[in-house]
Structures are given as structure tokens and as C-alpha cells.
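Single-structure report; data block below.
The values are calculated or read from the model by the stated rules, or taken from the named source; none is laboratory data. As the structure is a computational prediction, the values presented were derived from the model and not from experiment. Cβ: placed from backbone, ideal geometry, glycine included. Neighbour counts: every protein chain shown. For the accessible areas, the whole protein counts, side chains as well, though only heavy atoms, and no ligand, DNA or RNA atoms are used. Shrake-Rupley method; radii C 1.70, N 1.55, O 1.52, S 1.80 Å.
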Amino acid sequence: MTAFFDDWDTPVRPRVATAPATTPASRQAGSPAPSVTPTAPASRPDAALSATDARPGALAPVRAADKRIVNGKGDINQLAPFKYPWAWEFFLNANKNHWTPLEISMAQDVHDYHHRLTPAERHVFENVLSYLTTSDILAMRNIGLAVMEKMTAPELQIYQARQVYEEALHTWTYQHCIESLGLDQQEIYNRYRVVPEIHGKIALANRRLERVMRADFDLTDRDNLHEFALSYLFFAAIFEGCWFYNGFTPIFALQRRGLMKGTAEQLQYIMRDEVLHCAFGIRTVRTLIAEENLQLDPAALARLWEEAEAAEAAYAGYLLREPILGYSAAQHMGQFRYIANRRARQLGLAEPFPGAENVLPWLDEQANLRKEKNFFETRVTEYQTGGALSWE
């Protein structure tokens with residue numbers, strides 16, 4: 001992932017695609033097709049295919065140049081040749097972070113919740129869970145119903161199918177925490193409906209999602225395409241890149257003091273997934289904007305950040321109405337603005353909150369799993385399948 005996304009500092013610029021930028025009409029019949037992957041050997045001259053190679057009763061072969069993020073002319077059922085090899089690499093990396101919530105012990109958390117947390121800390125813990133339980137289902141619906149079916153390159157859809165699974169896995173994780181601690185499920189799950197400060201964030205996300213989820217949402221219409229780009233930007237950079245990233249922080253603050261370490265470790269694994277989700281979404285949005293020559297409306301972008309900040313401020317005021325040791329609403333909002341600037345830079349946009357500082361310098365390291373743990377204290381966090389992970 002090094003060349004694609006750096007979540008801890010300013011990312012390097014994405015590598016320029018090696019596929020030619022010509023359109024199908026501008027290519028000469030019989031010219032060699034782009035290679036399947038950047039590392040694939042050059043195609044043999046006699047293997048080159050073109051529209052003239054289609055035999056009666058068959059279709060012309062697919063070329064990478066025919067693919068686009070949306071409105072492409074390729075075959076959605078044919079994975080290769082790749083136009084977006086980075087999407088396939090995201091899929092491979094995602095499969096290296098395979099885990100289930102049952103692998104992490106919650107025994108100490110049960111004791112902590114009932115005997116060590118203060119009333120203010122229990123309020124924070126419960127409401128973080130209340131927000132997350134609904135948010136991951138909403139994210140799953142967004143990718144599965146609003147975004148994935150509008151992608152016209154299968155390498156994009158394959159990673160997004162994995163993302164849908166991961167959002168379901170995250171929901172299972174929150175449910176496992178709720179069950180392990182013996183919390184009232186009906187009361188916890190309904191808070192997003194009855195607590196205005198939680199409902200406000202979900203309502204804002206639903207408003208961004210409502211129109212683009214429609215099956216008849218025509219992306220050949222430039223206004224609709226602009227709305228779709230803003231919606232996907234919102235979910236990748238704000239919903240997952242800011243709200244989720246910042247949303248785990250109160251639990252990590254408890255973990256730093258030796259409290260609720262099982263839940264926090266669950267969230268660390270979820271954080272790995274979410275960083276990839278955010279990275280993939282940002283890469284896809286930037287590519288979409290370039291392919292379609294879109295100019296995002298500055299007023300619409302400003303309104304997007306303003307609404308996100310207002311919803312987060314209301315949530316922080318409710319969540320941390322009484323600060324807990326080492327964490328306050330002011331710190332929560334300071335970190336939101338700092339992370340929002342990071343996401344804007346990764347999108348190639350102006351920072352929405354100039355001058356915002358990193359008020360929680362421990363967060364990136366706390367969220368990252370690059371550290372040693374006592375084998376008998378918790379699950380070995382370096383466990384993975386299929387080779388080494390490289391996390392920025």
C-alpha cells in the first residue's frame with residue numbers, strides 16, 4: 001500500500017496509470033492491448049486482439065482502455081485486463097487482515113465495565129457503541145446499494161464486495177461486545193433514533209445517500225455525476241475517514257489507561273479495514289474526477305465540511321458532556337478538524353480547517369497495530385494470512 005495511500009502523513013502522489021489514454025475509436029485495429037498487470041510480461045505480437053478478431057456469433061475482446069469508473073464500455077463480468085490494478089491490490093491486502101471478534105477475549109472488559117468504569121465513562125462507552133452499530137450497517141448499504149452497482153470495472157467491484165463483508169463483520173463485532181457485556185440490546189440499538197445528537201449524524205448520511213441509491217440514477221447526466229462524486233467523497237473521506245476514525249478515539253483513550261482493552265483491540269482491527277476503505281474511496285473519487293473532467297462545486301464542498309463539523313460537534317457535546325480522564329469534547333473536535341484536513345489533502349482539495357493541530361498525537365500509533373503485545377494478555381495482533389502487511 002506504500003505507493004497508494006499513507007494515512008499517517010501526507011501521501012505520495014498516486015502513480016500514473018501505464019495504460020494508454022486513448023479512446024477505443026482512436027486506436028488502430030490490431031494494436032496491442034495493455035498488459036494485465038504492471039508486472040505482467042509483454043504480450044506476444046500474435047496474441048494482440050482487436051474488434052476485427054471477433055468471430056461471427058461472438059463479441060469483440062475487452063480492452064483496458066474501454067473501462068471507466070462509471071459509464072464504462074467494458075464487460076462487467078470480465079476481470080482482466082486490468083485498467084485499475086491498484087484496486088486488485090486493495091483486495092489482496094484486505095484479505096490479509098482476516099479476523100473474527102470471537103478471537104479476542106472480552107473477559108476483562110466485563111469486569112472493567114461493571115466495576116471500574118465511572119458513570120461518565122460508561123456513558124461514553126455505551127454511546128460510542130450505539131453510534132457504531134448503526135453506522136456500519138449504513139456504510140454497508142451505501143457501498144452495496146449506492147456505489148458498487150454503479151461501478152463499471154469489475155476490479156473495483158471485487159474490492160467493494162469485500163468491503164461489504166467487512167462492514168457486516170464490524171456489525172457482528174459491536175453485537176459481540178454488547179452481548180459479552182450484557183447490555184440491553186433494544187436500548188443500545190434504539191439510541192440512534194431517540195438521541196438527537198446521534199440521530200443527526202445518521203440523518204445527514206442518509207440524506208447524502210438517498211438519491212444516489214436509486215436504480216434509475218442516471219450517471220450520464222453531468223449534474224447527477226457531480227452529486228454522485230460528492231456523495232462518494234462524503235462516505236469515503238468524512239463518514240469513514242473522519243467520523244469512524246475519530247469515533248473510535250474515546251475507546252482508545254480508555255485503553256491507554258488499561259480499561260476495556262478487549263473492545264479497543266476489536267476496534268484496532270476494524271480501524272485497519274476502515275483505513276483501507278477510506279483509501280480506496282479517495283483513490284476512486286480522484287480517478288473518477290479526472291476521468292470525467294469534473295469540477296467539484298466549491299460551495300457544495302464547503303457546505304459538506306460545515307455540515308459534517310456541526311453534526312460532529314453536537315455528537316461530541318453529548319458524548320463528552322462530562323469529560324473523562326485524558327479526553328474531552330474540545331480534544332475530540334480538534335482532532336476531527338485535523339483529520340479532516342488530512343482527508344482533504346489526500347483528495348487534492350484545500351484544507352477545510354486551516355491551522356488545525358494534532359491535539360492527540362498518540363492516536364495514529366494507538367490506532368495502528370505495529371507494536372508488541374503480551375501473548376497471554378491479548379490476541380497476537382500481528383496475526384495475518386497470506387504474507388506481510390505494509391501499513392503506512
Under 7 Å between Cβ atoms, at least 6 apart or on separate chains: pull out the pairs that start in the range 212-223 with a residue that is buried (at least 16 other Cβ atoms within 10 Å of the Cβ) and end on any residue that is in a loop (DSSP other than H, G, I, E, B) and aliphatic (A, V, I, L, M).
-> Leu219/Val70
Output yes when any residue across the range 248-256 is touching a residue at least 12 places away in the same chain (Cβ under 8 Å), crowded, with 18+ Cβ neighbours inside 10 Å and touching a strand residue (DSSP E or B) at 6+ places or on another chain (Cβ under 7 Å), and no when none is.
-> yes
Among Thr100, Thr118, which is out of contact with any Phe, Trp or Tyr (no Cβ under 6 Å at 6 or more places or on another chain) and more than 23 Å from Leu325 (Cα to Cα)?
-> Thr100
Within the range 289-296, is there a residue that is open to solvent by 10 Å² or more (accessible area, probe 1.4 Å) and among the β-branched types (Val, Ile, Thr)?
-> yes
Restricting attention to the range 289-308, which residues are in a loop (DSSP other than H, G, I, E, B) and either among the charged types (D, E, K, R) or at positive phi (or both)?
-> Glu292, Asn293, Asp297
Those residues that are of a type in the set (Val, Ile, Thr) and in contact (Cβ under 8 Å) with a residue 60 or more places away in the chain, I need them from the range 62-99; list them, please.
-> Ile69, Val70, Ile76
Check every one of the helices (runs of 4 or more DSSP H) wholly within the range 162-276 and list those with 1 or more residues that are among the hydroxyl-bearing types (Ser, Thr, Tyr) and under 29 Å from Gln346 (Cβ atoms).
-> 185-194, 222-233, 249-256
Within the range 272-288, can one find any residue that is under 24 Å from Tyr192 (Cα atoms), open to solvent by less than 10 Å² (accessible area, probe 1.4 Å) and among the aliphatic types (A, V, I, L, M)?
-> no
Residues that are open to solvent by 30 Å² or more (accessible area, probe 1.4 Å), part of a helix (DSSP H, G or I) and either in contact (Cβ under 8 Å) with a residue 60 or more places away in the chain or out of contact with any helix residue (DSSP H, G or I) (no Cβ under 8 Å at 6 or more places or on another chain) (or both), drawn from the range 329-360 = Ala330, Gln331, Tyr338, Arg345
Of all residues in the range 323-338, count the ones that are hydrophobic (A, V, I, L, M, F, W, C) and closer than 23 Å to Ala350 by Cα.
-> 2
When residues of the range 126-159 are limited to those that are of a type in the set (Ser, Thr, Tyr) and buried (at least 21 other Cβ atoms within 10 Å of the Cβ), the one farthest from Leu225 (Cα to Cα) = Ser130
Considering residues of the range 115-125 that are out of contact with any Pro (no Cβ under 8 Å at 6 or more places or on another chain) and part of a helix (DSSP H, G or I) only, the residue most open to solvent (accessible area, probe 1.4 Å) | His115
Whichever residue in the range 64-87 is at pLDDT below 90 and in a helix (DSSP H, G or I) and, among such residues, is nearest to Ile158 (Cα to Cα) | Ala64
Some residue of the range 104-114 being open to solvent by 10 Å² or more (accessible area, probe 1.4 Å), touching a Pro at 6+ places or on another chain (Cβ under 7 Å) and either closer than 17 Å to Glu166 by Cα or part of a helix (DSSP H, G or I) (or both) | no
Residue satisfying condition, being in contact with a Phe, Trp or Tyr (Cβ under 7 Å, 6 or more places away or on another chain) and of a type in the set (D, E, K, R), within set Arg208, Arg257, Arg222 | Arg208
